[in-house]
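Every number in this text was worked out from the coordinates using simple rules, so none of it is lab data. This is a predicted model, so every value here is computed, not measured. Cβ placement follows ideal geometry from the backbone for every residue including glycine, while neighbour counts extend to all protein chains displayed.
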Amino acid sequence: MTSIYQEKILQHASNPHNFGRLPSATNKILLDNPLCGDVIQLEVEVEGKIVKRAMFTGKGCAISKATASLLTDAVQGIAISELRKWDKASIIKMLGIELGPNRLKCALLPLEAMHKAIQAKY
Amino acid sequence: MISVFKVKKDFPIFNDQPGFVYLDSTATALKPQSVIDSLVDYYSHYSANIFRGVYDISEKATAQYEDTRLVVKDFISASSVKEIIFTRNATESINLFVNGIKDTLKTTDEIVITIAEHHSNFVPWQQLAKKKGLKFTVMTNDKLQMTNQFQITNVKKYVTNKTKILAITHVSNVLGTVNPIKDIIQEAKKINPAIIILVDGAQAVPHTKIDVVDLDCDAYVFSSHKMLGPTGVGVLYVKEKLLETLSPYQYGGDMIRNVSIEETLFADLPHRFEAGTPHIAGVIALKHAIRYLEKIGLESIHHHGVELAQLCYDTLKEQFGEKIALIGPEKRESGIVAFTLSGIHAHDIAHLLNEDGIAVRAGHHCAMPLHTKLGIGASVRASFYIYNGKDDVEKLIKSLQKVLRLFSI
């Protein structure tokens with residue numbers, strides 16, 4: 001069995017990129033998964049229908065934190081219309097690991113937050 | 001003394017996976033061969049419906065099914081087989097009871113439960129109170145970390161002469177504490193002799209000899225699958241006098257005496273509360289689970305679980321010091337140890353332990369109000385049963401050390 005706790009995942013989980021508040025944010029969302037106690041606050045700055053920057057705070061397991069870190073990196077410069085198409089497969093590709101149905105929920109929370117954040121106004 | 005080596009031979013899962021460390025018996029217990037054989041025996045040799053078949057295999061199935069009722073009655077020292085109702089699980093037992101009693105409650109009646117209840121003994125009462133506008137009180141205790149969670153002093157504080165229902169767990173599935181149920185019941189009945197007390201015994205029955213008459217509870221519930229039996233079978237014990245006054249939970253076949261266009265006469269106890277074809281094979285197999293537990297002896301089972309949990313608790317404390325937060329009092333009273341490791345999410349811990357062949361539970365263990373009260377998110381829970389040994393504790397500790405190294409904490 002290959003561990004899902006690959007170097008890349010662990011690094012992003014322990015030192016997540018884009019962790020913190022984004023004062024210039026145009027879109028915000030707070031999303032939680034009470035069943036595992038995960039919470040993510042995502043702030044996104046959108047300019048001309050393109051994501052300029054995204055940052056997050058919150059708490060969660062290594063998988064959800066690493067996903068939020070990688071996702072907030074990946075969305076920079078991406079058009080809203082394009083970002084709407086990102087799905088489960090995009091996240092799995094980003095993480096580079098296989099996840100069972102239970103842990104997949106942890107990885108999909110940041111994507112759900114991203115989709116909800118860009119829903120408003122566009 | 002339990003010979004874990006010998007016990008393991010009775011559980012076929014260990015033939016499949018010899019090194020498997022199963023520390024989640026609080027969620028569900030593994031099954032011995034005799035229980036599995038009993039299920040196969042029913043389906044292979046006498047898989048008939050019960051009660052009205054006048055042919056041999058239906059007679060046999062009926063006799064076996066009803067014999068289990070007798071075995072369960074003796075197992076918990078109930079007064080009569082009429083007081084034993086088979087359900088799907090402890091949750092359904094509680095829901096059946098709540099449904100049966102709801103029409104007898106007045107608007108001035110109060111319901112008291114405890115903060116440590118499993119959601120199954122929390123939500124049905126909360127919802128009933130909401131629907132009927134009854135006062136709903138949750139007993140808490142600021143010393144959850146130090147002592148038996150609920151004592152007479154707590155009862156005196158929360159139970160009043162208007163309290164009609166007290167629903168309380170026997171053993172907490174998170175704290176691992178054993179409530180002094182007999183004392184609590186005595187005290188509550190002193191305050192209000194008309195109080196009705198339901199005890200959730202899901203975590204107690206697999207480890208403890210229960211005597212419902214001695215406890216003097218009005219209702220007691222438990223699940224077969226946590227005590228080596230099959231899933232899909234639960235038990236509800238209710239004192240006969242009280243049971244006579246409850247409304248049926250479901251209507252249909254098997255629970256009637258006579259049906260006409262105008263009305264229906266219900267069956268006698270306990271069949272009035274067992275509508276439809278039950279899990280016949282499962283109920284019969286429960287008898288074999290009880291036999292297995294009795295062969296080992298409940299006292300030995302209890303001591304074995306506590307001994308391992310204590311060893312686990314002490315070693316975790318010694319090895320991980322300030323990095324670990326152990327939940328519940330230092331002196332272990334059951335086979336349960338729950339904890340959190342600073343900076344590492346419970347799901348990550350459980351996932352990594354799984355990579356070493358160790359099964360633990362991570363989450364809030366269906367006790368969200370308790371986790372909120374303790375101020376923690378998800379916790380990791382290791383629980384020990386008859387097929388666990390000291391080597392399992394060692395493997396758990398070793399694997400946890402690996403987890404800490406991986407997260408460099």
### Message
Given R₀ = 45 Å, what would the calculated FRET efficiency be for B:Leu70 paired with B:Lys398, taking r from the Cβ atoms and rounding to 0.05?
### Response
0.45
### Environment charge at A:Ala54 (Cβ cut-off 15 Å; Lys +1, Arg +1, Asp -1, Glu -1)
+2
### Query
Within region A:18-122, which GluC sites (Glu not before Pro) sit in a loop by DSSP and count at most 15 neighbouring Cβ atoms inside 10 Å?
A:Glu98
### Task
Taking chain A as the reference, fit the longest principal axis to its C-alpha atoms, fit the long axis of helix A:62-74 to the helix C-alpha atoms, and give the angle between the two in degrees, 0 to 90, nearest 10.
40 degrees
### Message
Need the list of lysines near B:Lys395 for cross-linking: C-alpha distance under 16 angstrom, and skip anything on the same chain fewer than eight residues off.
### Response
B:Lys317
### Task
Arrange the following residues from fewest to most other Cβ atoms within 10 Å of their Cβ: A:Ile80, B:Ile94.
A:Ile80, B:Ile94
### Query
Can you sort B:Lys323, B:Lys31 so the residue with the fewest Cβ neighbours within 10 Å comes first?
B:Lys323, B:Lys31
### Message
Need one word for region B:284-361: rounded, prolate or oblate. Basis is the Cα gyration tensor (sqrt eigenvalues a ≥ b ≥ c); a/c below 1.5 gives rounded, then a/b vs b/c decides.
### Response
oblate
### Query
With each label point set 7 Å from Cα along the Cα-Cβ vector, what nm distance links B:Ile261 and B:Thr104?
3.5 nm
### Query
What FRET efficiency, computed as 1/(1 + (r/R0)^6) with R0 = 30 Å and r the Cβ-Cβ distance, is obtained for B:Lys156 and B:Leu298, rounded to the nearest 0.05?
0.45
### DSSP bridge pairs, region B:181-279: antiparallel proportion in percent, nearest 5
75 percent
### Task
Please arrange B:Val213, B:Val112 by counting, for each residue, the other beta carbons lying within 10 Å of its beta carbon, fewest first.
B:Val213, B:Val112
### Task
Compute the Cα gyration tensor for region B:80-220, then decide on rounded, prolate or oblate, letting a ≥ b ≥ c be the square roots of its eigenvalues: rounded whenever a/c is under 1.5, prolate when a/b is larger than b/c in the other cases, and oblate in all that remain.
rounded
### Query
Given the rule -39500 (n - 2.57) for each run of at least 4 DSSP H residues, summed and divided by the residues of chain B, what is its mean residue ellipticity at 222 nm, to the nearest 500 deg cm²/dmol?
-12000 deg cm²/dmol
### Query
Where both partners of a DSSP beta bridge lie in the protein assembly as shown, what percent of those bridges are antiparallel, to the nearest 5?
70 percent
### Message
Quick check: the angle from helix B:56-75's long axis to the longest principal axis of chain B, C-alpha only, nearest 10 degrees?
### Response
60 degrees
### Task
Rounded to the nearest 0.05, what FRET efficiency do B:Lys135 and B:Asp216 give with R0 = 22 Å and r taken as the Cβ-Cβ distance? Could you check?
0.35
### Query
What does the convex hull of the alpha-carbon atoms of the protein assembly as shown project to on average, in nm²?
28.9 nm²
### Task
Enter the angle in degrees (range 0 to 90, nearest 10) between the Cα long axis of helix B:90-101 and the first principal axis of the Cα atoms of chain B, meaning the one along which they spread out most.
40 degrees
### Task
Pull out a ≥ b ≥ c, the square roots of the eigenvalues of the alpha-carbon gyration tensor of chain B, then state rounded if a/c is under 1.5, prolate if not and a/b is larger than b/c, and oblate in the remaining case.
oblate
### Message
Take the residue pairs B:Lys157/B:Lys209; B:Lys60/B:Lys82; B:Lys73/B:Lys130; B:Lys182/B:Lys209; B:Lys135/B:Lys182; A:Lys28/A:Lys49 and return only those whose Cα atoms are more than 23 Å apart.
### Response
B:Lys157/B:Lys209; B:Lys73/B:Lys130; B:Lys135/B:Lys182
### Summary
HN-Hα couplings for region B:30-45 via Karplus (6.51, -1.76, 1.60; θ = phi - 60°), in whole Hz with x for Gly/Pro, come out as 6, 10, x, 4, 4, 6, 5, 4, 5, 5, 5, 4, 4, 5, 7, 10
### Query
Can you give the longest stretch of chain A with no exposed loop site, where a site means trypsin sites (Lys or Arg not before Pro) in a DSSP loop (not H, G, I, E or B) with at most 16 other C-beta atoms within 10 Å?
A:86-120
